[in-house]
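The values are calculated or read from the model by the stated rules, or taken from the named source; none is laboratory data. Everything numeric in this text was worked out from a predicted model, so none of it was measured. Cβ coordinates were reconstructed from backbone atoms using ideal geometry, including for glycine residues, and neighbour counts include every protein chain displayed. Areas reflect the complete protein model, heavy atoms only, side chains present, ligands, DNA and RNA absent. Shrake-Rupley method; radii C 1.70, N 1.55, O 1.52, S 1.80 Å.
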Amino acid sequence: MSALVVSDVSRNFGGVQALSNVSMTAEPGERHLIIGPNGAGKTTLFNVLTGTFAASGGSVLLFGRDITQLPPYERARLGLARTFQITNLFPRLTVLENVLLALQAADTSAFSLYRRLRANVPVFRRAKALLDDWDLAAIAEKTAKEISYGEKRQVDLILAIAARPKVLLLDEPIAGLSAAEVVRVVGMIRRLPREITILMIEHDMDVAFELADRITVLHQGRLIADGDVAAIRNDPQVAEIYLGAD
Amino acid sequence: MAFWLIQALNGISFGMLLFLLAAGLSLIYGLMKVLNLTHGSFYLLGGYIGVAVVRTTGSFVLATLAGAFAIAVVGVVMERFFLRRFHLQELPQALLTFGFLFIFSDLAMVIWGSDPETMPKPALFDHSVQLGGFYYPSYRLFIIAFGLAVAAFLWWLQEGTRVGAMVRASVDNEEVARALGINVSLLFSLVFALGAFLAALGGVMGGPIVGVYPGADFDVLLLGFVVVIIGGLGSLKGALFGGLAVGLLDNFGKVFFPELALFTVFAPMALILAWRPSGLFGHE
Amino acid sequence: MNTEPRQRNNAACGLAAILILGMLALPYFLSSYYLGLAIEMMIFALFAMSLDLLVGYAGMASLGHAAYFGVAAYTTGLLALRLGWNVWLALPAGVLMAALTAALFGLLALRTRGSYFLMITLALSQVAWGIAFGWRTLTGGDDGLPDVPRPALNLPLHLSWSLAGSTAFYYFVLVAITVATLLLIRIVISPFGFALRGIRESEARMLALGYNVWRYKFVAFVLAAVFAGFAGCLYVYYNRFVSPDYLHVARSAEVLLMVILGGAGTLIGPAVGAAVIVLLQNLISAYTERWLLILGIVYVFVALFAPNGLVGVFLEYRASRIKRHVKRLNS
């Protein structure tokens, strides 16, 4: 069964068609890159997939289940996680607390008024282990607004994977990073367990071609091309969009 | 029939005063996202200044201008020296504007005492005119006409002038507007002054029919809120429609259900809120 | 990081113990006037802490919180006065009524945020005020309801403890406020309270992580009303009177001021803020009629100079001292 099946999805904003009849499929474990020039509708597609925006038409299936009408938090509970194009952390909480919140979301006792947070030792251990594992233990006690931009990107990624999602949407995870930080974050993405299906928006072609199993190209809200790396590399229409746009 | 017409006209004329108040509230919110709790004070102080000027000079026109311009200056001072530091921080803004509401309210009490003041009608409109089968005070008709004229002027200002275009650009995207060389901070002061001006205008013009009294600041502020909740914050059309709706609801409510006067205004507000949280003409 | 917070916790527990012992001894030192002032401070401290759950933890600035305080006060007052209900029935009924009102208002107000939320909570609270003011046959309108009886606590084994005397009533309030405060503390340190802080910081992220944000906000809204209502019930028994002023916007703004003045998101801060405002009001009213003017100036000053509250000022001072200390050690 496919991890994600997008059929004929459209979205318009007051008459402007941001996405028109986009259909695509992601297979389990796939590294699926979504590319396209600015305004192609990539982030809109993510927002429709996660439920931030309702689709104006079409449907989205997550492992065979129709999630088109579900609110964002229920999609997240079904294993659909995301990062944000503009990092979206909890600025006045520490990095450790950020991760705790992400882990607590999957914890069945999250909606508890009377238990002590600090008494939930397993969640604490997992949060610390996660930060250790990704070499971020040093910044665990800093607040999220104090850490560097590169660190914010890494924490953003960790929040998304903390609850062990099935499908992960990464919205330009390396945009604005220094060369060294790009190497580090790309390394993190490579290290993610193979059973996670990853959809990733990326502007850097080299990185995109390096990571991708499959690539979908959007342009002005429409799907232009869809195929493996070699097919996209040799697609004349894609070349035209990119060469024409530059 | 005459009864219904008279009551409707009463409601509409009061609604026009509310429109003057709510238009400023709405403009200020639309441009700078400030919920100005001092707006009721602008109305009240405008009214008091108007009464004082009319007592000394006898001129209604002079009273109107003095009240409105004086309060516009107060508005600019508040915006420049206080509100500006708290751009987009709603909590300090609420504290500040609420603090000024208290300060002005108590100062007014010190200066003008606790007895209600009545503003005399201007001589020109101090009579009744015959409308079909009944007589109606011409002053209220004047208020209706004046309110419509202000609405038309504001609409022209917003849609037909360069300043209006700059305001609309700043509402859409402040940063882009700044980058385009629009003096956004000057616009903020201008719009705040205009809002204060309109509220004070409402206070002076309303003097002859609702009076100027301690507590009017709170009363009109709340009705102003209901207007913009119904019409939608940031929308001129919403302020006009909401003003008329609240004016009519308030008037007919007082006539038919005097015990639950406020309820007839607030219950429809709650319904509209449930149906359209951002008001009839507001956008998310 | 394990030892340090624990030490801080111990220090906090020590301070709390001293505070409670001091409070227990208070009736032996204070005249009944000052004892009344202490009662008022405690009640408003709880009221302010209940709003802090919304403002400081969940990031929802309400300007209509007095509605729940007042609705509960009216309910309890009416039941005690007209139907002679005892405190075990009248007080929970008041709190329940506050919760129901909040559930209804919450359905409307929670569809908005920011300044809109501020304005709508204000307008909705005014609906409650309008009923209290207008429905004279039930509420007495502007005159309010005088002569609400101080209750007697009917305990098991046919014990009855009259709360008519100021010392007895002081202890009753002390116990009630302590229990309520402990519950509030438990709530803010629970996973639920933690999630509220997450919502304050980023709603979008919380949704993306799988939190049903609306449900958290709704429960927080109702809970805040429950504690505010509890404070209102105690206040009506203390004052033996309730009037529309209890749910006026001015009171809603005042409790918001207490929260910010003390320091939102800390519980202790709003309690301190409440004590300061109640004290100021009583001291200043004794000397001048211009309390409103001074209160207005306090609002402006807090916004300008202490946006993070007294607790914030204290923390900054401590941080700067530590920094200076570190500098001295280094040089």
Mind checking which helices (runs of 4 or more DSSP H) fall wholly inside region B:175-284 and carry at least 1 residues that are within 11 Å of another protein chain (Cβ to nearest Cβ)? B:216-231, B:236-256, B:261-275
Going through region C:127-148 one residue at a time, which ones are open to solvent by less than 20 Å² (accessible area, probe 1.4 Å), closer than 13 Å to C:ALA73 by Cα and over 23 Å from the mean Cα position of the chain (by Cα)? C:THR139
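A quick yes/no check of all residues on (1) part of a helix (DSSP H, G or I); (2) modelled with pLDDT of 95 or more:
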position	(1), (2)
A:THR52	no, no
A:GLY58	no, no
A:PHE84	no, no
A:LEU89	no, yes
A:ARG92	no, no
A:LEU100	yes, no
A:ALA105	yes, no
A:THR108	no, no
A:PHE124	yes, no
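How many residues does region C:149-163 hold that are of a type in the set (A, V, I, L, M, F, W, C), surrounded by 12 or more Cβ atoms within 10 Å (Cβ to Cβ) and over 24 Å from C:ASP245 (Cβ atoms)? So that I can check it myself, show each step before the final result.
As a first pass, look at region C:149-163 and keep what is of a type in the set (A, V, I, L, M, F, W, C): C:152-153, C:155, C:157, C:159, C:161, C:163.
From what is left, the residues that are surrounded by 12 or more Cβ atoms within 10 Å (Cβ to Cβ) are C:152-153, C:161, C:163.
Right, trim to over 24 Å from C:ASP245 (Cβ atoms) and you get C:152-153, C:161.
The qualifying residues number 3.
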Selected residue (only one of B:VAL51, B:VAL76 is away from chain C (no Cβ under 14 Å), closer than 18 Å to B:LEU194 by Cβ and either open to solvent by 40 Å² or more (accessible area, probe 1.4 Å) or of a type in the set (A, V, I, L, M, F, W, C) (or both)): B:VAL76
Go through the residues of region C:183-191 one by one and say whether even a single one is modelled with pLDDT under 95 and open to solvent by less than 10 Å² (accessible area, probe 1.4 Å). yes
What residue, among those in region C:100-124 that are more than 10 Å from chain B (Cβ to nearest Cβ) and surrounded by 19 or more Cβ atoms within 10 Å (Cβ to Cβ), is modelled with the lowest pLDDT? C:THR121
How many residues are surrounded by 14 or more Cβ atoms within 10 Å (Cβ to Cβ) and not in a helix (DSSP H, G or I) if we restrict to region C:279-304? 1
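Determine which member of the set C:PHE169, C:PHE218 is in contact (Cβ under 8 Å) with a residue 12 or more places away in the chain, away from chain A (no Cβ under 11 Å) and open to solvent by 40 Å² or more (accessible area, probe 1.4 Å). Even if it seems obvious, please write down each step before you answer.
Working: C:PHE169 fails: open to solvent by 40 Å² or more (accessible area, probe 1.4 Å).
Sole residue among the options that is in contact (Cβ under 8 Å) with a residue 12 or more places away in the chain, away from chain A (no Cβ under 11 Å) and open to solvent by 40 Å² or more (accessible area, probe 1.4 Å): C:PHE218.
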Of the residues in region C:305-331, how many are open to solvent by less than 40 Å² (accessible area, probe 1.4 Å) and either at pLDDT 85 or above or in contact with a helix residue (DSSP H, G or I) (Cβ under 6 Å, 6 or more places away or on another chain) (or both)? 3
Just to verify a result, which residue in region B:116-155, among those that are of a type in the set (Val, Ile, Thr) and farther than 13 Å from B:SER13 by Cβ, is surrounded by the most Cβ atoms within 10 Å (Cβ to Cβ)? B:VAL150
Only helices (runs of 4 or more DSSP H) wholly contained in region A:159-246 count here; list those with 3 or more residues that are within 21 Å of A:VAL6 (Cβ to Cβ). A:229-233, A:236-245
From (1) within 11 Å of another protein chain (Cβ to nearest Cβ); (2) out of contact with any Leu (no Cβ under 8 Å at 6 or more places or on another chain); (3) closer than 19 Å to A:ARG164 by Cα, pick out the condition that doesn't hold for A:ASN47. (3)
